[in-house]
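Read the structure below first, then the notes.
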Amino acid sequence: MYALVDGNNFYVSCERVFRPALQGRPVIVLSNNDGCAISRSNEAKELGIAMGAPWFQIQQDPSLRDAGILALSANFCLYGDMSNRMMSIAAGLGPEQEIYSIDESFVGVAGVRDLTRRARTVRDRILQWTGLPCGIGIGATKTLAKLANHVAKSADRRPGSYPAEFARVANLAELPASDLDAVLAATKLGEVWGIGRRIGAQLQAEGLHSALDVARLDAAMVRRRWSVVLERTVRELQGQPCIAFEDVAPAKKEIACTRSFGRPITALHDLVEAVSEFAARAAEKLRRQASNAGQVLVFVHTSPFRRQDRQYSKSITVPLRRPTADTALLTASAVRGLHAIYQPGYKLAKAGVMLLDLQDAQVEQGELDLDDPGADRGRLMAAVDAINVRHGRGAVKLASVGTAGSARRWTMRQDLRTPDYTTRWSDLPQARA
């Protein structure tokens, strides 16, 4: 048995916790550089604003001009902290938890008594303690729990789409087979976890339109005709668990840090600062999962949307002498790669660093350290990470990152960003009598 706890319009909901006046207003949260909508309130969805809609197009749409839309820059420090708070409360629903994304968490609930009542209690607790609304779906498999969560949110947001008793918390596991079939029949196949746009179009071409149609397919035939992935989805809809529960997220096979610049960059020293910052971020993630990297890839490119500019795109992979998680070594390799691919005269819009050939840090090939005998770089990196955790990211950094902070030319444009209400003392909200 599984439950899926999923925050409603999560980024917008986080902003509304500290700005109650936003309740009832159409609100969107924008991507990096205030580019496009990545979270929308229900009011914004009702206006027809699509996920990924460019902000400049929304501003120019005459039908939306007088709708009172409020756009905010993404504040991932706030969202990450609020996510941690929500997940810690959601863990009380059952004995096992798998955090699937920043706003979604699977909870193993096998053996939990009076499950629907307990789920409603946990949902109310999350709302009361954090201010974040969420939906909870319960099913015999992960796919059914995910579908149940869609039912819970839809019944709450669009009355009449599903029975009213499924609003906010939907437990499909307690339904008799005929009622479960009715729910599946009312759900479009595109809402099923694991069915993407391409496969969905193929299934519709075969006359399948609902989740029930997919659940009634022969799993063996699906494997022969499509793939083992779709077969797994079919079996999960039929109540056969096929997707394993992961208490600990598996180590990533590659780690990347990429950013679009707030304005076009042409100078090499600005690119060195940016690539150094990206390499340092990636190295932190690498150490967090206790891995080493054997190769570093760095890339730069211009904006394909600025057709009036000369176009350029280049990448290079730099092999390391031995796998490492040392920020200084990884950054030095990335900067060497940057020097090799940099060409003056181009207005570069984006750069990034990817760490490849990852392996467990416990597996190490020994060799004589003739460059710096006795050096313990691992302890140094651990100390740097501890200082940055305690005093804030960037408290200790490489000199090549630069010292200008947010004034650096390549930093992202976030003109509409709200304060870090929960992670910075100076931004802590103050209550006045």
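The values are calculated or read from the model by the stated rules, or taken from the named source; none is laboratory data. What you are looking at is a predicted structure, and each value in this text was computed from that prediction instead of being measured. We place every Cβ from the backbone using ideal geometry, glycine too, and count neighbours over all the protein chains shown.
Within segment 54-69, being crowded, with 17+ Cβ neighbours inside 10 Å and assigned to a helix (DSSP H, G or I) holds for Trp55, Ile58.
Looking at this structure, is Leu78 touching a Cys at 6+ places or on another chain (Cβ under 6 Å) and either free of Cβ contacts under 8 Å to residues at least 60 places away in the same chain or outside the structural domain of Gly262 (by TED's automatic domain parsing) (or both)? Answer is yes for this residue. Checked against (1) in contact with a strand residue (DSSP E or B) (Cβ under 9 Å, 6 or more places away or on another chain); (2) free of Cβ contacts under 8 Å to residues at least 12 places away in the same chain, Phe278 passes all but a single condition, namely (2). Counting the residues of segment 270-311 that are surrounded by fewer than 16 Cβ atoms within 10 Å (Cβ to Cβ) and either modelled with pLDDT of 95 or more or over 30 Å from Ala386 (Cβ atoms) (or both) gives 9. Within segment 220-234, at least one residue is among the charged types (D, E, K, R), crowded, with 16+ Cβ neighbours inside 10 Å, touching a helix residue (DSSP H, G or I) at 6+ places or on another chain (Cβ under 6 Å) and closer than 22 Å to Tyr100 by Cβ. Selection of first residues in segment 51-67 that are closer than 20 Å to Arg25 by Cβ and touching a residue at least 40 places away in the same chain (Cβ under 8 Å) and of second residues that are surrounded by 11 or more Cβ atoms within 10 Å (Cβ to Cβ) and not small (Gly, Ala, Ser), restricted to Cβ pairs under 6 Å at least 6 apart or on distinct chains, gives the following pairs, ordered by first then second residue: Ala67/Pro26; Ala67/Leu47. Taken over segment 250-264, the criterion of being surrounded by fewer than 22 Cβ atoms within 10 Å (Cβ to Cβ) and over 14 Å from Ala334 (Cα atoms) is satisfied by Pro250, Ala251, Lys252, Lys253, Glu254, Arg259, Ser260, Gly262, Arg263, Pro264. Residues in segment 318-348 that are without any contact (Cβ under 8 Å) to a residue 60 or more places away in the chain and over 20 Å from Ser400 (Cα atoms): Pro319, Arg321, Arg322, Pro323. Test Met51 against the criterion of being surrounded by fewer than 18 Cβ atoms within 10 Å (Cβ to Cβ), in the same structural domain as Ala167 (by TED's automatic domain parsing) and closer than 30 Å to Leu184 by Cβ, and give yes or no. Answer is yes for this residue. Annotation note: of Leu132, Leu175, Leu127, the sole residue that is over 18 Å from Leu93 (Cβ atoms) and of a type in the set (A, V, I, L, M) is Leu175.
None of Asn9, Asn32, Asn42 is within 28 Å of Met87 (Cβ to Cβ), in contact with a Lys or Arg (Cβ under 8 Å, 6 or more places away or on another chain) and surrounded by fewer than 18 Cβ atoms within 10 Å (Cβ to Cβ) except Asn42. Taking the conditions (1) assigned to a helix (DSSP H, G or I); (2) under 18 Å from the mean Cα position of the chain (by Cα); (3) of a type in the set (A, V, I, L, M) in turn, Ile89 satisfies each one other than (2).
Using the structure shown, decide if Val5 is in contact with a strand residue (DSSP E or B) (Cβ under 6 Å, 6 or more places away or on another chain) and farther than 30 Å from Leu115 by Cβ. Quick ask: steps written out before the conclusion?
On the way: in contact with a strand residue (DSSP E or B) (Cβ under 6 Å, 6 or more places away or on another chain): yes; farther than 30 Å from Leu115 by Cβ: no.
Criteria not met by Val5.
I want to confirm something. Restricting to segment 175-188 and keeping residues that are touching a strand residue (DSSP E or B) at 6+ places or on another chain (Cβ under 8 Å) and not hydrophobic (A, V, I, L, M, F, W, C), which single residue is surrounded by the fewest Cβ atoms within 10 Å (Cβ to Cβ)? Looking at the filtered set, the residue picked out is Lys188. Leu208 passes every criterion in (1) in the same structural domain as Thr317 (by TED's automatic domain parsing); (2) in contact with a helix residue (DSSP H, G or I) (Cβ under 7 Å, 6 or more places away or on another chain); (3) not polar (S, T, N, Q) apart from (1).
Contact map, segment 123-135: residues that are buried (at least 17 other Cβ atoms within 10 Å of the Cβ) paired with residues that are among the aromatic types (Phe, Trp, Tyr), Cβ distance under 8 Å, separation 6+ or inter-chain. Pairs shown: Leu132/Phe10.
Which residue out of Val214, Val151 is among the β-branched types (Val, Ile, Thr), assigned to a helix (DSSP H, G or I) and assigned by TED's automatic domain parsing to the domain that holds Gly139?
Working: Val214 fails: assigned by TED's automatic domain parsing to the domain that holds Gly139.
Testing whether each residue is among the β-branched types (Val, Ile, Thr), assigned to a helix (DSSP H, G or I) and assigned by TED's automatic domain parsing to the domain that holds Gly139 leaves just Val151.
Candidates are the residues of segment 140-165 that are among the charged types (D, E, K, R) and either within 22 Å of Ile99 (Cα to Cα) or at pLDDT below 90 (or both); the one that is surrounded by the fewest Cβ atoms within 10 Å (Cβ to Cβ) is Arg158.
Within segment 35-53, the set of residues being under 27 Å from Arg263 (Cα atoms), part of a loop (DSSP other than H, G, I, E, B) and not aliphatic (A, V, I, L, M) comprises Gly35, Gly52.
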